[in-house]
Amino acid sequence: MGVGIPIIFIAPETTPGSYTGALGGPPLIKDWLEQKKSDFIYRLRSSLPHVEIKLYTITTPEEARRVVELERDSVGFVVVLLHTWSGGGARVFIESGKPVVLIAESYGGGGEFLIEFGRGLREGRPVIGVSVREFSDELAVRKVKLLDVLQKLRSSKIVFVMEDKKRFEYIESMLRSVFGITAIHVDGKSFAEKYYRPVDEALAREWAEKWIGGAAEVLEDRFEDIVKAAKLYIAMKRVLEEHSAISIAVDCIRLFDAKILDAWPCLGFMQLWFDGYIPVCEADPYSAVALLIMWYLAKRPGFVSDPVVDYQRNEAIYYHCYAPINPFGGNTRVPYTIMPAHLYLKRASVYVELPINQEITAFQVWPEQRAFIIHRATAIGNERSIHACATKLVAKTNAKAIARNWKWTWHRVVFYGNLAEDLRDLATLLGFTVIEEDEEMP
């Protein structure tokens with residue numbers, strides 16, 4: 001089966017006149033259990049209307065094993081403990097090896113929750129949990145949403161525009177085996193010939209004028225470079241549409257240096273967020289996964305960045321040649337400037353005046369070590385200069401700890417908000433660890 005997320009209510013029956021559960025027994029128990037099920041389903045469907053759910057009610061471990069077999073292709077299980085005890089029903093799902101979200105109604109299922117959830121964590125199982133008295137609480141639904149994130153990753157397609165076929169083969173295998181993501185290769189020369197060069201010049205000029213009109217300031221004095229960026233945007237959008245993909249990762253530096261492309265994708269990347277697509281700098285597959293995760297979790301665009309630290313000020317600076325101008329998602333925009341960068345070696349870059357006095361989470365994926373890497377900071381300013389990349393977000397953080405704990409690649413993807421708890425839970429469901437690089441290590 002496998003399509004949709006299985007929701008399993010565990011509600012063992014009680015014998016009239018006997019004390020076999022935390023809540024009590026017939027005749028009132030039946031109505032109570034049905035009401036709790038109804039409350040949970042209503043809350044789930046109201047908050048996640050796009051999520052297809054499949055409902056089961058079980059009372060014994062034998063019934064649990066039948067559901068596990070029936071749903072062997074599902075992304076995981078949501079197990080709702082309504083009444084203690086089921087004789088090990090919850091354990092059957094936890095020991096299935098699939099991601100499990102364990103939710104308990106505190107009075108009815110709280111005892112079994114404490115025993116089975118703690119046991120699952122000690123055994124290293126991919127289980128997260130929450131116990132609440134009211135299913136109207138957003139916390140339970142937020143946990144379920146993480147399974148939806150995993151399911152959406154499975155159906156995601158990313159187009160990689162790049163020349164290095166061997167590197168792509170590694171990327172394709174890694175994304176498929178770890179996340180279920182489909183990677184599609186479009187080699188750079190074919191992209192330039194089929195998609196980029198044939199773009200209508202007049203249409204590209206329209207987009208260039210639109211971007212210029214929307215900018216707070218234009219410091220780029222070579223209009224033709226903005227037009228080339230518009231041609232590249234139109235070409236990228238066409239590739240995405242043809243492959244029914246949600247994301248495009250362009251190996252921009254290598255393709256430009258090899259003279260396969262004579263344009264930079266920064267302005268086009270800025271625009272693609274408003275088209276519902278996820279652009280990825282430098283064909284970075286790890287940042288691509290981070291961007292997809294946060295898009296599915298919070299509909300929040302991310303800023304792929306090269307972070308550096310300043311010990312004297314205890315700050316991190318996150319820089320790249322563009323950032324989303326809708327950092328909270330939707331159509332609300334922040335000011336941007338079109339300008340050169342890297343001491344005029346790079347044209348048609350984008351300086352974005354990102355929000356300040358806000359918490360941010362910097363995130364990266366390290367699938368080879370089955371780890372998420374995160375740190376938190378508070379955005380305090382933006383710097384604009386002609387050297388290095390155009391957008392430079394300055395943030396207060398534990399700069400020395402980050403430097404000491406740094407692992408893996410240079411890129412970190414910056415998202416607005418403190419999203420660490422969701423990422424910790426998602427890591428658990430994937431069987432990943434979490435490296436919190438802003439914390440002091442023993």
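The values are calculated or read from the model by the stated rules, or taken from the named source; none is laboratory data. Bear in mind that the values here come from a model prediction, so they are computed numbers and not experimental data. Note that we place each Cβ from the backbone using ideal geometry, even for glycine, and neighbour counts take in every protein chain shown.
Do we have ALA395 as surrounded by 24 or more Cβ atoms within 10 Å (Cβ to Cβ) and at positive phi here? So ALA395 does not fit the description; no. The set of residues in segment 217-234 being under 16 Å from PRO198 (Cβ atoms) and either surrounded by fewer than 24 Cβ atoms within 10 Å (Cβ to Cβ) or among the aromatic types (Phe, Trp, Tyr) (or both) consists of VAL227, LYS228, TYR233, ILE234. Which of the residues belonging to segment 405-433 are more than 22 Å from PRO324 (Cα to Cα) and part of a strand (DSSP E or B)? The one that is more than 22 Å from PRO324 (Cα to Cα) and part of a strand (DSSP E or B): THR433. Listed by first and then second residue, the pairs linking a residue in segment 396-407 that is within 17 Å of ASN418 (Cα to Cα) to a residue that is hydrophobic (A, V, I, L, M, F, W, C) and modelled with pLDDT under 95, with Cβ atoms under 6 Å apart and 6 or more places separating them unless they lie on different chains, form an empty list.
Residues in segment 402-424 that are more than 14 Å from ARG370 (Cα to Cα) and surrounded by 17 or more Cβ atoms within 10 Å (Cβ to Cβ): ILE402, ASN405, HIS411, ARG412, VAL413, VAL414, PHE415, TYR416, LEU419, ALA420, ASP422. Collect the residues in segment 278-300 that are more than 25 Å from SER47 (Cβ to Cβ) and either aromatic (Phe, Trp, Tyr) or outside the structural domain of ASP422 (by TED's automatic domain parsing) (or both), keeping them in residue-number order. Passing the criteria: only TYR286. Among the residues in segment 76-89, are any modelled with pLDDT under 95, farther than 21 Å from SER131 by Cα and in the same structural domain as SER136 (by TED's automatic domain parsing)? For segment 76-89, residues modelled with pLDDT under 95, farther than 21 Å from SER131 by Cα and in the same structural domain as SER136 (by TED's automatic domain parsing): absent. Look at segment 198-222: where a residue is without any contact (Cβ under 8 Å) to a residue 60 or more places away in the chain and under 25 Å from LEU345 (Cβ atoms) and a partner is assigned to a helix (DSSP H, G or I) and small (Gly, Ala, Ser), sitting 6+ places away or on another chain with Cβ atoms under 6 Å, you get VAL199/ALA235; ALA204/ALA230; ALA208/ALA230. None of GLU71, GLU95, GLU63, GLU52 is buried (at least 16 other Cβ atoms within 10 Å of the Cβ) and modelled with pLDDT under 95 except GLU63. Is it the case that GLU241 is charged (D, E, K, R), free of Cβ contacts under 8 Å to residues at least 40 places away in the same chain, closer than 30 Å to LEU153 by Cβ and part of a helix (DSSP H, G or I)? Yes, satisfied. The helices (runs of 4 or more DSSP H) located wholly in segment 133-233 that include 3 or more residues which are assigned by TED's automatic domain parsing to the domain that holds LEU82 occupy 138-154. Can you name the residue in segment 24-49 that is at pLDDT below 90 and part of a loop (DSSP other than H, G, I, E, B) and is also surrounded by the fewest Cβ atoms within 10 Å (Cβ to Cβ) among such residues? Here the residue is PRO27. Return yes when ALA104 is assigned to a helix (DSSP H, G or I), in the same structural domain as ILE128 (by TED's automatic domain parsing) and surrounded by 19 or more Cβ atoms within 10 Å (Cβ to Cβ) and no when it is not. No, not satisfied.
Consider segment 293-343 and keep the residues that are hydroxyl-bearing (Ser, Thr, Tyr) and more than 28 Å from LEU150 (Cβ to Cβ). The one that is modelled with the lowest pLDDT is THR332.
Hey, TYR170 hits all of (1) under 30 Å from TYR233 (Cβ atoms); (2) of a type in the set (Ser, Thr, Tyr); (3) buried (at least 20 other Cβ atoms within 10 Å of the Cβ) but one; which does it fall short on? Unmet for TYR170, out of (1) under 30 Å from TYR233 (Cβ atoms); (2) of a type in the set (Ser, Thr, Tyr); (3) buried (at least 20 other Cβ atoms within 10 Å of the Cβ): (3). When only residues in segment 58-75 that are outside any helix (DSSP H, G or I) and touching a helix residue (DSSP H, G or I) at 6+ places or on another chain (Cβ under 7 Å) count, which is nearest to LYS143 (Cα to Cα)? Result: VAL75.
Somewhere in segment 247-264, is a residue touching a Ser or Thr at 6+ places or on another chain (Cβ under 6 Å) and either crowded, with 24+ Cβ neighbours inside 10 Å or not assigned by TED's automatic domain parsing to the domain that holds LYS145 (or both)? Looking for residues that are touching a Ser or Thr at 6+ places or on another chain (Cβ under 6 Å) and either crowded, with 24+ Cβ neighbours inside 10 Å or not assigned by TED's automatic domain parsing to the domain that holds LYS145 (or both), one finds none in segment 247-264, hence no. The listed residues are ALA140, ALA192, ALA183, and the only one of them that is within 21 Å of SER47 (Cβ to Cβ), touching a residue at least 24 places away in the same chain (Cβ under 8 Å) and of a type outside the set (Lys, Arg) turns out to be ALA140. Does ARG376 satisfy the condition of being surrounded by 15 or more Cβ atoms within 10 Å (Cβ to Cβ), part of a strand (DSSP E or B) and either of a type in the set (Lys, Arg) or not assigned by TED's automatic domain parsing to the domain that holds GLY329 (or both)? Against the criterion (surrounded by 15 or more Cβ atoms within 10 Å (Cβ to Cβ), part of a strand (DSSP E or B) and either of a type in the set (Lys, Arg) or not assigned by TED's automatic domain parsing to the domain that holds GLY329 (or both)), ARG376 qualifies.
The residue list ILE360, ILE380 contains one member that is more than 24 Å from VAL280 (Cβ to Cβ) and at pLDDT 95 or above, which is ILE380.
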